[in-house]
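Worksheet: the structure to be examined is printed underneath.
The values are calculated or read from the model by the stated rules, or taken from the named source; none is laboratory data. Here the structure is a predicted model, which is why all the values come from computation and not from measurement. Note that each Cβ is placed from the backbone with ideal geometry, even for glycine, and that neighbours are counted across all protein chains shown.
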Amino acid sequence: MDKWFFPTRGHAETEGFSNAGLAEFKGNPLQALAREVCQNSLDAADGSGRPVRVEFHKEFVEINSFPGMEDMRSVIEKCNKFWGTDGDANTKSFLTKARRALEGNKFFVLRVSDYNTKGVQGAFSDKNITPWGGLVKGNSFSVKTDEKNAQGSFGIGKAAPFVSSAIQTIFYRTYDMENVRATLGVARLMAHEIPISECMSGEDPVRRSVGYYGENEEKKPSVSIEALDNIYERTEYGTDLFIPAFAYSTADDEWIRKIMIEIVDSFLYSIYSGKLEVVVEDRKLTKATLPSMLQFLGAKAKNAMMFYDVIREDNSEVIEETRQYYELGQLRLRLLYKPDMNKKVLVVRNSGMKIATIPNLPKGMSYVGFFELQGDKLNEIFRGMENPKHNAWEPKRHDNPSFAKKHKEEVEDWVRDIIIKKLIEKSGEEALLDVGDCFNYKEQDNRPDKDDATKETIVDTVQDIIIDQMRKTPSKTFKLRDQGGDRGTGTGEMLPGTVEPDGNKRGHRHRTGSRKGLKPTGRAGKENPIGVDKVYPGTHEVDVSARIISRGEGVSRLIFNTFEDISLGEMEIVTKGENGKALQLFVQEVNGRDVSVKNGHIVISNVKANEKHTVEFKIAGNKKYAMGVRAYGN
């Protein structure tokens, strides 16, 4: 006879209501249900080439006609009595909702069924290390019939359906390709106590939190349960989940939309490629209905609509690039450059389920992308890096972290480089591109403002970098060591100079002679016969509009125009130090018209105001910097 059986605690630990596996999905229960169920069904595809079909249907049934519910009322009351006033707020809230769900005559049952799958095999195995054991009775493990290509692997997702039930109970039914039928109910509640009279001699009367509804105390499944067959009779291979006391029992279509939005978000390419079809009540999600269903879902499916644009094979605007990735497989990237895109890349593998995102993508140009890992060996490497939520690659999770990190970085760099390369090809080499590491910098005066003096503007955006024209600033003082004239016969004292409003420094000139023991301190000074010598004669900071584009392989392109003519000047490439100050980067190579490199600076000449100028340069070393520009001219 079928009945609920909760194993004894065995005088061991007492299990409360708080369960990490369940808590993982309580924030978005319907979304979690849709994602995890469809993932499991895709993993169990029968290999026929037909799309896996998953159906969600809500039924309104008599509570007493659903298996185990009369006994469930008694179990819930035992839980309530055992925890009483000792339970925390979450425990009390659950028990209140569970009691309320079972006090009426009817409740909703959500049936989730899949087709064109193998079913869940191994239901009657004694060891239970089988697909059935991993899904229904196992803890913290998962067994897939196609382990190499399976999407799930942590054994956590099976908890997702329970949070959509007010009594956290699921009935599993399968008909597998070995013609085995099995049905078992599972409830994830909390510890409770049964009467001593119902216990064996010396047995602990406190029960564990997880119970099973089957034929005997060995927790073996029933071959069938008539009450479930009355709701829906299965004739094809596949699996059904019956979720009693379905928590979303409203008459409107809110639950339908939530499930469909999650499916198009997580399985868009699975549906488009004909691997998955989903039916939610009377709404069908197939390759043919995708456009109309995306319109039906509206703004909440905005990202899915953008990704649909780029995966469409008939979209002639899409740019596609592929790469043979060693002997492991192939990389495939599709890009669509058009206004108002989300600047994201949909990443999929194998069955088409959305997986990890690629960080630090270029953001300056509007685009959307689709990236696919092709090949079992390649997918196996990246599958080993996925976290339990399948939304990030974490090399430390892999059996060989350094090996995994190398491939992760190489693949992600390839995606970013192709986005930049294709953008340049499509929009011209001067397209503004923010790769997450460009900024403009002018050193600020940190003193309090005086009069109407205006500080320089620091701009850190993805737009054209334009530094505001400065007003005249009061003179600043500085000191130079007196090193005399051409023969270096100065006293060595520190003597004052000034920085005038025109930007020129005035003070004792630097040494230009050859006296031993003294190092040149900069450009040669120039003697002024009617006053103090000039240091850096006529050179001052110049306002520019500038942008920097990464060309890959350490080469960057600087595109700029100045607001005044420069006969001879220099440009510094700078980065931000830890204190926010500008630190000069050493330019190693330079290429362009009327340009050269000296002492790590870009030397420019014959620059006309308001004309566009282009310089390619390479920074010493292999590090990546957030780069800005400072320009000086005379």
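Tabulated data for the structure shown
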item: Test: Arg99 is over 30 Å from Tyr237 (Cβ atoms) and either among the hydroxyl-bearing types (Ser, Thr, Tyr) or assigned to a helix (DSSP H, G or I) (or both); result: yes
item: Hits in region 324-338 - residues which are hydroxyl-bearing (Ser, Thr, Tyr) and at positive phi; result: Tyr326
item: Matching option when the condition is in contact with a strand residue (DSSP E or B) (Cβ under 9 Å, 6 or more places away or on another chain) and not in a strand (DSSP E or B), among Lys618, Lys624; result: Lys624
item: Every residue from region 102-134 that is in a loop (DSSP other than H, G, I, E, B) and of a type in the set (A, V, I, L, M, F, W, C); result: Val120, Ala123, Phe124, Ile129
item: Residue count, region 234-249 (criterion: surrounded by fewer than 24 Cβ atoms within 10 Å (Cβ to Cβ), assigned to a strand (DSSP E or B) and aromatic (Phe, Trp, Tyr)); result: 1
item: Breaking point among (1) within 24 Å of Asn350 (Cβ to Cβ); (2) part of a strand (DSSP E or B), for Glu313; result: (2)
item: Residue in region 336-356 that is touching a residue at least 40 places away in the same chain (Cβ under 8 Å), among the small types (Gly, Ala, Ser) and not in a loop (DSSP other than H, G, I, E, B) present; result: no
item: Some residue of region 120-135 being buried (at least 21 other Cβ atoms within 10 Å of the Cβ), touching a Gly at 6+ places or on another chain (Cβ under 9 Å) and of a type in the set (D, E, K, R); result: no
item: Selection count, region 393-420, where residues are within 25 Å of Tyr337 (Cα to Cα) and assigned to a loop (DSSP other than H, G, I, E, B); result: 0
item: Residue count for region 255-292, restricted to those that are surrounded by fewer than 19 Cβ atoms within 10 Å (Cβ to Cβ) and touching a Ser or Thr at 6+ places or on another chain (Cβ under 8 Å); result: 1
item: Residues of region 380-392 that turn out to be part of a helix (DSSP H, G or I) and under 25 Å from Ala159 (Cα atoms), as a count; result: 3
item: Qualifying residue in region 187-198 (condition: closer than 14 Å to His11 by Cβ and either outside the structural domain of Glu236 (by TED's automatic domain parsing) or under 38 Å from the mean Cα position of the chain (by Cα) (or both)); result: yes
item: Looking only at region 367-395, and only at residues there that are among the basic types (Lys, Arg) and under 17 Å from the mean Cα position of the chain (by Cα), the one that is farthest from Val348 (Cα to Cα); result: Lys389
item: Some residue of region 53-60 being among the β-branched types (Val, Ile, Thr), modelled with pLDDT of 90 or more and assigned to a helix (DSSP H, G or I); result: no
item: Test: residue in region 28-35 that is under 30 Å from Met353 (Cβ atoms), under 28 Å from the mean Cα position of the chain (by Cα) and surrounded by fewer than 19 Cβ atoms within 10 Å (Cβ to Cβ); result: yes
item: From Gly375, Gly384, Gly369, residue being under 24 Å from Ser270 (Cβ atoms), touching an Asp or Glu at 6+ places or on another chain (Cβ under 8 Å) and crowded, with 17+ Cβ neighbours inside 10 Å; result: Gly384
item: Given (1) over 18 Å from the mean Cα position of the chain (by Cα); (2) surrounded by 15 or more Cβ atoms within 10 Å (Cβ to Cβ), number of the condition Glu313 does not satisfy; result: (2)
item: Leading residue by the ranking (surrounded by the most Cβ atoms within 10 Å (Cβ to Cβ)) among those in region 186-209 that are in a strand (DSSP E or B) and among the aliphatic types (A, V, I, L, M); result: Ala187
item: Pair list, Cβ under 6 Å, 6 or more apart: region 27-51 residue farther than 21 Å from Tyr175 by Cα and of a type in the set (Phe, Trp, Tyr), other residue modelled with pLDDT under 95 and not in a helix (DSSP H, G or I); result: none
item: Filter result (touching a residue at least 12 places away in the same chain (Cβ under 8 Å) and farther than 13 Å from Asn230 by Cβ) within region 65-74; result: Gly68, Met69, Asp71, Met72, Arg73
item: Selection within region 81-123 - acidic (Asp, Glu) and more than 30 Å from Met177 (Cα to Cα); result: Asp86, Asp88, Glu103
